[in-house]
Structure formats: C-alpha cells, structure tokens
Amino acid sequence: MLAFRPAQTCRRLRPLRLILLSLIIAVTVLSGASPSLAAEPLGIPDWLLPHVGTEEGQIAPVVLQRARALHHRKVGEGAVHNACYFAMDATRPSTSRDGEPGRRFYVICEADQTFRAVSSGYGNGRKLAQANFSNGRECAQNFSNAEGSNLTMGGAYVTAEPRTSFKGYTTISGKRTPFLRTFLQFEGEGETANAREREIGGHPAVFLKWQCRFRNPGSPHADEEGYVPYGSLVNYTGGRSNGCTSWSPAASELILALAQDNPTTVYIYPESRDIAAVANAVKARRSPADAGAYWNATCLRAIGAPRFWPEATLRPIIDEWRASLTPAPPGKLPICR
C-alpha cells in the first residue's frame with residue numbers, strides 16, 4: 001500500500017514568492033479555462049501551491065483548476081461525497097527525465113492536505129487503412145470519444161462500480177496462482193457521456209499473456225473440459241492502453257481503495273476545445289501560451305500538433321473496418337508441459 005507524504009506547507013515559501021506564484025497561477029488558469037470556469041474563484045489552498053506548475057511531479061494550473069471545479073460541482077450536487085479527487089494530464093510524456101515513468105495522474109485529498117503524482121497510460125489508438133489515428137509510445141497526439149477508437153477522451157468523469165475479473169493463472173512465488181484484475185468504471189458527461197459504452201475506466205497496467213492451458217477441474221474458473229489458461233504477467237506501467245486510464249499495480253491499490261464504495265471525480269485534460277486551440281496556435285505559428293492555451297512543451301515538440309477525432313467522423317471508419325474483418329476460427333491453447 002502506498003502512503004501519502006505530508007505536503008510541503010506554504011510556510012516554507014517566502015511571502016513575496018507565494019504572492020507571485022498565486023498571481024502566475026491565476027493568470028495561467030484564467031487564460032486557459034473556459035469562461036464558466038474562469039468565473040469560478042481560484043481558492044487554491046496555500047499547501048497545494050508548491051505542487052502547481054509544469055515541472056515533473058507538478059500539476060498544470062488549468063488541469064488543477066478544472067479538476068477542482070468539477071469536484072466542487074459534483075459535491076454540491078450531492079453526486080460525490082469523497083474528500084479526494086483525481087486528475088490526469090494526457091499531454092505529458094510517458095517517460096520522465098530520469099528514465100522513470102512520467103507522472104501525469106494526480107490524487108488530491110484537500111482535507112488531508114495530501115498530493116500524489118503517479119504514472120498513467122493513455123490510449124494507443126489504431127492504424128487502419130482508412131485512417132491512422134494511432135499514438136506513439138512517448139506522447140499522445142490523437143484523441144477521440146469514438147467507440148472502438150482506443151483513444152483517450154478528455155473531460156469530466158465520475159468513478160462508478162469496480163469489477164474484478166479472472167484473467168488466468170500465473171506463477172507467483174513458485175506456485176500457479178489465479179490472476180485477478182480490477183477495473184474501475186467511469187461515468188462521463190457531455191463529450192465523455194459514452195464512457196460506459198466505450199468501457200472507459202481505470203485499472204492496473206498489467207495483463208496476462210496466455211501461453212498454454214492446464215487441467216484444473218477444481219478451479220471455479222475452469223472451462224467445460226476442466227482447463228484453465230496460464231501465462232506470464234506483462235507490466236506496461238506508463239505505457240499505452242486501449243483508451244482507459246492505467247496505473248502501476250502499487251498506485252492502483254491506493255486509487256482503487258480511495259474510490260471503493262465512495263465515488264469521486266476524475267478530470268482528464270485535454271478536452272476537444274483545448275486540442276483545437278493548440279492546433280490553431282501551431283497552425284498560426286504561435287505558442288499555445290500566447291494563444292491562452294496549454295500543452296506540455298516536450299510532447300508538443302514531439303507531435304507537432306494534436307488532433308481530435310469526433311465520434312461522428314471516426315465511428316463510420318471504425319464500423320467499415322470492423323465489417324471488413326474475417327472472423328477467425330476458434331482455437332485452443334496448447335497443453336502446458
């Protein structure tokens with residue numbers, strides 16, 4: 001289980017530096033947020049200010065402001081009672097400067113004055129003959145809310161029910177052990193309203209690569225012939241997913257525990273309007289900051305410009321691709337030796 005470390009308090013900051021930091025955050029947030037969000041009071045607590053910024057382990061001002069606004073709104077509506085909330089900045093790179101997984105998912109508990117930044121995966125997309133909307137390993141360029149796109153969709157979510165499923169057997173401490181993975185469903189609104197249809201949520205960044213099957217008729221997971229699948233665990237922490245948010249196994253334990261039977265909000269950046277603003281700035285040869293927008297500088301240099309694929313555009317392409325597929329004949333795993 002991961003434990004939070006007490007956040008650095010503002011008492012360690014010089015008063016003048018604190019005032020200047022507050023002004024910088026206010027200007028940055030107001031320039032990057034929508035009018036409705038800009039009208040919301042900032043009210044960022046002093047203890048949280050040192051964690052706000054664009055450096056490794058910090059949360060960008062506009063991401064925090066929108067995450068806080070979403071959480072406060074849902075609490076006010078009575079939809080959420082959890083004192084903690086989540087946020088993600090999908091514009092950040094997968095790898096930090098020290099070679100470790102980049103931290104772009106945030107767990108913020110204001111009541112306890114705790115802040116934690118952890119790694120997270122983004123959607124890998126697809127490369128089809130009709131269209132290439134795939135993402136590289138390091139930075140996300142393509143985003144969409146289309147079902148079947150395998151892409152990340154920014155916006156507002158609320159955590160829903162967790163579902164734990166059997167994936168197969170693997171060897172742990174020399175013993176064949178069932179591997180179970182928990183998936184935390186997200187509910188969306190607006191452009192993320194089809195989150196349940198898309199099966200968008202969060203889960204540990206681990207999957208079981210099947211290799212063979214062995215007979216275990218006493219297992220509740222055995223098939224009609226008494227066999228269960230067996231394989232090796234693959235950890236893709238900080239890598240790509242099929243559109244879901246994925247965390248390291250250790251971070252997942254903490255996040256799932258916080259959301260268990262206690263829904264909370266998840267804000268994922270960027271939204272389609274942010275992608276359009278940055279793309280237009282690049283096209284006009286302006287920096288996103290000058291245009292009142294935000295994108296991680298390292299990833300923007302890597303991708304050139306981001307692109308949002310609306311569901312209305314991408315869904316027909318995906319449906320055409322699916323219709324062209326030839327069903328594969330059913331097969332069976334070989335018997336484990």
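The values are calculated or read from the model by the stated rules, or taken from the named source; none is laboratory data. If you're wondering where the values come from, they're calculated on a predicted model, not measured in any experiment. Glycine gets a Cβ as well: all are built from the backbone with ideal geometry, and neighbour counts include every protein chain shown. Just so you know, the surface numbers come from the protein's heavy atoms only, side chains and all, with ligands and any DNA or RNA stripped out. Shrake-Rupley method; radii C 1.70, N 1.55, O 1.52, S 1.80 Å.
Taking every protein chain into account, the 1.4 Å probe leaves His72 with about 100 Å² of accessible area, to the nearest ten.
Just add up the charged neighbours of Leu180: K/R +1, D/E -1, any other residue whose Cβ is under 12 Å from the Cβ of Leu180. That works out to +3. Taking label points 7 Å from Cα along the Cα-to-Cβ direction, Lys209 and Gln113 give a separation of 4.6 nm.
Val158 sits among other residues whose Cβ lies under 13 Å from its own Cβ, and their net charge, with Lys and Arg +1 and Asp and Glu -1, is -1. Each of Ile59, Ile303, Ile172 has its accessible area taken with a 1.4 Å probe; listed largest first, they run Ile172, Ile303, Ile59. The alpha carbon convex hull volume per residue for the chain rounds to 166 Å³. Within the assembled protein chains, the solvent-accessible surface assigned to Leu128 is about 20 Å², based on a 1.4 Å probe.
Spelling out what I want: for every residue of the stretch 319-325, take phi, set θ = phi - 60°, compute 6.51 cos²θ - 1.76 cosθ + 1.60 (Karplus), and round to whole Hz; glycine and proline get x. For the stretch 319-325, the Karplus-derived couplings read 4, 5, 5, 4, 5, 7, 6 Hz, x marking Gly and Pro. Over the stretch 254-337, all Cα pairs binned in 10 Å intervals from 0 give whole-percent P(r) values of 13, 24, 19, 27, 14, 4, 0, listed from short to long.
Taking amide H atoms as placed 1.01 Å from N in the peptide plane, the amide H of Glu147 has no partner under 5 Å among residues 5 or more positions away or on other chains.
Accessible surface of the stretch 105-181, 1.4 Å probe: 45 percent of it comes from carbon and sulfur atoms.
Residues whose amide H falls under 5 Å from that of Phe179, counting only those 5 or more places apart or on a different chain, are Lys167, Gly168, Tyr169, Thr170, with hydrogens built in the peptide plane. For the stretch 216-297, the relative contact order comes to 13 percent (Cα pairs under 8 Å, sequence separation of at least 6).
Here the gap between Asn235 and Glu197, fully extended at 0.36 nm per residue and compared with their Cα-Cα distance, gives a gain of 11.1 nm. Relative contact order for the stretch 146-279 using alpha-carbon pairs under 8 Å, separation at least 6, rounded to a whole percent? It rounds to 30 percent for the stretch 146-279.
Placing +1 on the Cβ of every Lys and Arg and -1 on the Cβ of every Asp and Glu, with nothing else charged, gives the chain a dipole about its Cα centre of roughly 1040 debye.
Annotation: amide H-H contacts under 5 Å for Gly102 (H modelled 1.01 Å from N, sequence separation of 5 or more, or interchain): Thr95, Ser96. Restricting the calculation to alpha carbons of the stretch 192-337 gives Rg and Dmax of 21.5, 65 angstrom. With helices as the sole contributors, the chain gives -8000 deg cm²/dmol at 222 nm; each DSSP H run of n ≥ 4 counts as -39500 (n - 2.57), and the sum is divided by every residue.
Between the C-alpha center of the stretch 264-306 and that of the stretch 132-186 there is a gap of 25 Å.
For the stretch 152-169, the Karplus equation 6.51 cos²θ - 1.76 cosθ + 1.60, evaluated at θ = phi - 60°, returns couplings of 6, 10, x, x, 9, 9, 10, 5, 10, 7, x, 10, 9, 10, 7, 10, x, 9 Hz by residue, with Gly and Pro reported as x. Note: relative contact order over the chain, using C-alpha pairs below 8 Å and six or more positions apart, is 20 percent. Each residue of the stretch 184-191 was assigned a 3J(HN,Hα) from its phi angle through the Karplus expression (A = 6.51, B = -1.76, C = 1.60, θ = phi - 60°), giving 9, 5, 9, 10, x, 8, x, 5 Hz with x at Gly and Pro. Which shape class, rounded, prolate or oblate, goes with the stretch 122-209 when its Cα gyration tensor gives a ≥ b ≥ c as root eigenvalues, a/c under 1.5 marks rounded, and past that a/b bigger than b/c marks prolate? Note, shape of the stretch 122-209 comes out oblate. Measuring nothing but alpha carbons in the stretch 64-185 and taking Rh as the Kirkwood radius, the Rg to Rh ratio lands at 1.03. Against the chain, whose longest principal axis comes from its Cα atoms, helix 249-259 is set at around 70 degrees.
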